[in-house]
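First up is the structure itself, then whatever we jot down about it.
The values are calculated or read from the model by the stated rules, or taken from the named source; none is laboratory data. These numbers come from a predicted model, not from an experiment. Reconstructed Cβ throughout: ideal geometry from the backbone, glycine too, with neighbour counts over all protein chains shown.
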Amino acid sequence: MPWTAWREAPITAVAPVTPRVKSFRLAVDFADRFRAGQHVDLRLTAEDGYQAQRSYSIASAPEAGGTIELMIEALPDGEVSGFFAEVAAVGDAIELRGPIGGAFVWGPEDGGPLLLVGGGSGVVPLLAMLRLRALAAPEVPCRLIYSVRGRAEAIALAELETRARDERGFGLSLLTTREGAGRRIDAEAVAEALADLGNPAHVFVCGSNPFVAAAADLLLGAGIAPGRIRTERFGG
């Protein structure tokens, strides 16, 4: 079935991730055939025919099992995110199309070193890349710079810290903007990551517009070639 076709995907599991983010498992026919970094479109239709549509990155790695994982953050007045925060339950069938995207993707064949830079929920597609790396290319050096307001809002933090402890070649830099010293991503954070990683072959940056703009400027300032940097922006 082409990615442009809408079809129903039943919810098979729901779990809390942070106070504002939930994990949803959806049964799909492409769970082992998408690329880490891609997203899907979800569509809700009201009884009067009104429709609302949003895009969400896939958090899971491509693998057998028949489901993908989405991590959806509840946003103020969010039409779609509000439904998933308050209403959606196991067994509900959700309209979906995808997988979508061909530029912001990584696979084992692309190699490394790999530098990932995420802000808030922008870590989700990067999480798919990390999970795929662990499954299929653990020899690829990788570093994640993750900026979030506080530890309680960091998505998959326990998993990330376990990977940083147990996986050779992977390092995590967690920056909390509203806890402790309140550190944001800066030239020093980028320099620390590069000193650990070396010269990255691929850099992926994902987050809000201001975060991505600031991070991209810092990466360019650190001497990383523009052609190696790929960005994806979420909302404002």
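Can you pull out every residue in the stretch 78-121 that is closer than 21 Å to residue 12 by Cβ and in contact with a Pro (Cβ under 8 Å, 6 or more places away or on another chain)? Result: 91, 92, 93, 94.
Do we have residue 121 as of a type outside the set (Phe, Trp, Tyr), surrounded by 15 or more Cβ atoms within 10 Å (Cβ to Cβ) and in a strand (DSSP E or B) here? No. Residue 170 meets the conditions (1) free of Cβ contacts under 8 Å to residues at least 40 places away in the same chain; (2) on the phi < 0 side of the Ramachandran plot in every case but one. The failed one is (1).
Figure legend. Inter-residue proximity from the stretch 105-119: first residues in contact (Cβ under 8 Å) with a residue 24 or more places away in the chain, second residues of a type in the set (Asp, Glu) and surrounded by fewer than 24 Cβ atoms within 10 Å (Cβ to Cβ), beta-carbon distance below 9 Å, spacing 6+ or different chains. Indicated pairs: 112/139. Within the stretch 199-208, not a single residue is touching a residue at least 24 places away in the same chain (Cβ under 8 Å), in the same structural domain as residue 116 (by TED's automatic domain parsing) and in a helix (DSSP H, G or I). Of the residues making up the stretch 175-192, one or more are under 19 Å from the mean Cα position of the chain (by Cα), within 19 Å of residue 17 (Cα to Cα), surrounded by 16 or more Cβ atoms within 10 Å (Cβ to Cβ) and modelled with pLDDT of 95 or more.
Among the residues of the stretch 209-236, those identified as closer than 18 Å to residue 112 by Cβ, in contact with a Leu (Cβ under 9 Å, 6 or more places away or on another chain) and not in a helix (DSSP H, G or I) are 222, 223, 224, 229. Could you list, in sequence order, all residues of the stretch 219-236 that are modelled with pLDDT of 95 or more and under 25 Å from residue 39 (Cβ atoms)? The answer is 219, 224, 226, 227, 228, 229, 230, 231, 232. Whenever a residue of the stretch 137-156 is touching a residue at least 40 places away in the same chain (Cβ under 8 Å), its partners that are basic (Lys, Arg) and buried (at least 19 other Cβ atoms within 10 Å of the Cβ), lying with C-beta atoms within less than 8 angstrom and at least six residues away or across chains, give the pairs 142/133. Take residue 41 and decide whether it is acidic (Asp, Glu) and closer than 20 Å to residue 234 by Cα. Criteria met by residue 41. In the stretch 56-72 there is at least one residue that is under 12 Å from the mean Cα position of the chain (by Cα), of a type outside the set (D, E, K, R), over 19 Å from residue 208 (Cα atoms) and surrounded by 15 or more Cβ atoms within 10 Å (Cβ to Cβ). Pull out all pairs, ordered by first then second residue, where Cβ-Cβ is under 8 Å, the residues are six or more apart or on different chains, the first lies in the stretch 225-236 and is over 30 Å from residue 78 (Cβ atoms) and aliphatic (A, V, I, L, M), and the second is surrounded by 18 or more Cβ atoms within 10 Å (Cβ to Cβ) and modelled with pLDDT of 95 or more. Listed pairs, sorted by first residue: none to list.
Annotation: of all residues in the stretch 87-118 being more than 18 Å from residue 22 (Cα to Cα) and among the aliphatic types (A, V, I, L, M), the one that is surrounded by the fewest Cβ atoms within 10 Å (Cβ to Cβ) is 103.
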